[in-house]
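> Structure in structure tokens, see below.
The values are calculated or read from the model by the stated rules, or taken from the named source; none is laboratory data. Since the model is a prediction, treat every value here as computed from it, not as a measurement. Every residue, glycine as well, gets a Cβ built from its backbone with ideal geometry; the counts of neighbours run over all protein chains shown. SASA here: full protein model, heavy atoms, side chains in, ligands and nucleic acids out. Shrake-Rupley method; radii C 1.70, N 1.55, O 1.52, S 1.80 Å.
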Amino acid sequence: MFEKVLVANRGEIAVRVMRACEELGVDTVAVYSEADRDAGHVRYADEAYNVGPARAADSYLDGETIVETARRAGADAIHPGYGFLAENADFAARVEDSEGITWVGPSSDAMERLGEKTRARQVMDAAGVPIVPGTTEPVDSAEAVEAFGEENGWPVAIKAEGGGGGRGMKVVRSADEAADKLQSAKREGEAYFSNDSVYLERFLENPRHIEVQVLADEHGNVRHLGERDCSLQRRHQKVIEEGPSPALDDDLREEIAEAARRGVAETDYTNAGTVEFLVEDGAFYFLEVNTRIQVEHTVTEELTGVDIVKWQLRVAAGEEISFSQDSVETEGHAIEFRINAENAADEFAPATGTLTTYDPPGGIGVRVDDALRQGDGIGGDYDSMIAKLIVHAGDREECLARSRRALREFDVEGLVTLIPFHRLMLTDDRFVEGTHTTNYLDEEFDRERIAEAQAAYGPDETASEDDDEEVIEREFTVEVNGKRFQVNLEERGAPPMPTAGGDGRGGRGGSRPERSRDDGGGGSAGGSAAAAEGERITAEMQGTILSVNVDEGEEVESGDVVCVLEAMKMENDVVAGRGGTVVDVLVGEGESVDMGDPLIVLE
């Protein structure tokens, strides 16, 4: 087993990996950006290193810096978690080529074969696994999209080769949308995965989303751990996941699981992975392979008792899987709820703020995976997830009842979350009956019910700010050559004292440091010099500028898109409220902005 593992990620998944390492007697190294100086994964790790500014491309996606950090820290393995570099074959190869450092995941060659969606479709087709009609090579032109739509029928899904979780996926419903949607998908693919290649699939209108967890070692053993149902989605992003699927009978369940196992077995794949399928009208189609741990791996862990993250580490260390396929049994039912900082009543718009109250539920069958604590803040630089609530019970009916209790107990104040939405879904007939499909929320659900649930179950927005720090917890640290060292001092009840870059990493179980500055990175438009006079178009939320569509001197009309702002996985068009002439452009592509920052000035 390894002696020290660097976790190349942040948030709850980084802490999840670190907990598995601790139980195996392995030390952990965190990496963090400027925006994450006080983050939970930094507090938990045995060591922590600064790898760059808030922008992910300059920190968490900087593979060269992360590998060099592993060398400096003396880590003998790197675990990527999910997202960021987890499915980047070039990064995996970089780690594999680094003497003395092991990559915790499938080989870079296997990631190339299965991580790039077009190649994965070719591999699975050759293995006899049904695939959705689509292209097996990337497409580059709107004309190719139009031709595919005319031949196979509309709508068409454009998907980023390195994508997942709805990122880089655009649905084209007519030829008129082809050019814009193609560019949008390519832009997201480049922004999130450093890969702007896209491919096409026929878009199924009413499918279930079923995925199978697999685990394979270097000794030829391949196991499937059953399926999960991830059909409740919004904008193609999973919101609630459960297992086993209420939509499958035993024969179809076994057929899908065996197809996943067979497909993986024929690709020389090792470590954990997820094979995803779409199921419609009793038929199933291969969708993609996620060559990493999934957000919802917790559902499978609760059903099977298998610690998937520990097995990732064991397999990477060369151990053989010790259990047979016949010994894998699922018990009861499990549901995972993503507790995101999002306002479901406002089209799931991301929210930022401070957790003035954070009191998660407990009791039998209730698990919470998180990294945040009361007093921590949610910025707009990264994912909106606060925690994952996983509920396990003897059957689905009991699991739904236990979930209602757990969500009622989950007390979060200071910012809006999806808790009211989840509580609503547990009263929804379609979800309770298990008959929902992937388009249910976007196309069929009554949105007024969401607003009512938000009003009934949401936090009290009139809470006084008088509670903000009569008691101050402080923990001083110093940073030397990018590595954090703890001074190990804490004061309570003292007046605020200015600090110069005090960070605060307390190690496992350490106290939370006082947050001495706002989350977020450089490049914010808020620091711009005084802009020209005129009407300012401002950012409605914190995020990153993906593109600027206007230049100084250009004429715009009311409703024109002047720039595109990405906030927590979603592209948001910033439009002009009236016509005029652009007299000042205050932001550029890749810059971070805060809510209210001026972007464009019109006269």
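> Between beta-carbons, use under 12 Å as the cut-off and find the net charge around residue 306, counting Lys and Arg +1, Asp and Glu -1.
Taking every other residue near residue 306 into account, the sum is -2.
> Give the shape of the range 234-280 as rounded, prolate or oblate, defined through the alpha-carbon gyration tensor: a ≥ b ≥ c are the square roots of its eigenvalues, a/c under 1.5 means rounded, and otherwise the shape is prolate if a/b is larger than b/c and oblate if not.
Verdict is oblate for the range 234-280.
> Write out the GluC sites (Glu not before Pro) in the range 157-226 meeting two conditions: DSSP loop, and at most 12 other Cβ atoms within 10 Å of their Cβ. Before the final figure, lay out each step's value.
Working: sites: 161, 177, 188, 190, 201, 205, 211, 218; in loops: 205, 218.
Qualifying residues, ordered by number: 205.
> What is the percent carbon and sulfur in the accessible area of the chain, measuring with a 1.4 Å probe over the protein chains and ignoring ligands?
Roughly 41 percent of what the probe reaches on the chain is carbon or sulfur.
> Between residue 270 and residues 5 or more places away or on another chain, which pairs have amide H atoms under 5 Å apart, with H built 1.01 Å from N, and which residues are they?
Here the answer is 107, since their amide H atoms fall under 5 Å of that of residue 270.
> What shape does the chain have by the C-alpha gyration tensor, where a ≥ b ≥ c are the square roots of the eigenvalues, rounded means a/c under 1.5, and otherwise prolate means a/b greater than b/c and oblate the rest?
Cα axes put the chain in the rounded bin.
> With a/c under 1.5 counting as rounded, go ahead and sort the range 335-378 into rounded, prolate or oblate using the C-alpha gyration tensor (a ≥ b ≥ c being the square roots of the eigenvalues; past the cut-off, prolate if a/b is larger than b/c, else oblate).
Oblate, since a/c reaches 1.5 and b/c is not below a/b.
> Per residue, how much accessible area does the chain show when a 1.4 Å probe rolls over the protein heavy atoms, in square angstrom? Intermediate values should be presented prior to the final figure.
Values: 23630 Å² over 603 residues.
That works out to 39 Å² for each residue.
> Can you give me the C-alpha center-to-center distance between the range 548-595 and the range 326-350, rounded to a whole angstrom?
Measuring centre to centre over Cα atoms gives 34 Å.
> Moving to a separate point now. As a quick test, which of the pairs 117/310; 117/170; 388/483 have an alpha carbon distance above 22 angstrom in this structure?
Details: 117/310 27 Å; 117/170 15 Å; 388/483 30 Å.
Checking Cα-Cα distances, 117/310; 388/483 exceed 22 Å.
> Let me ask something else. Compute the separation of the alpha-carbon centres of the range 188-250 and the range 373-440 and state it in Å as a whole number.
Their Cα centres are 20 Å away from one another.
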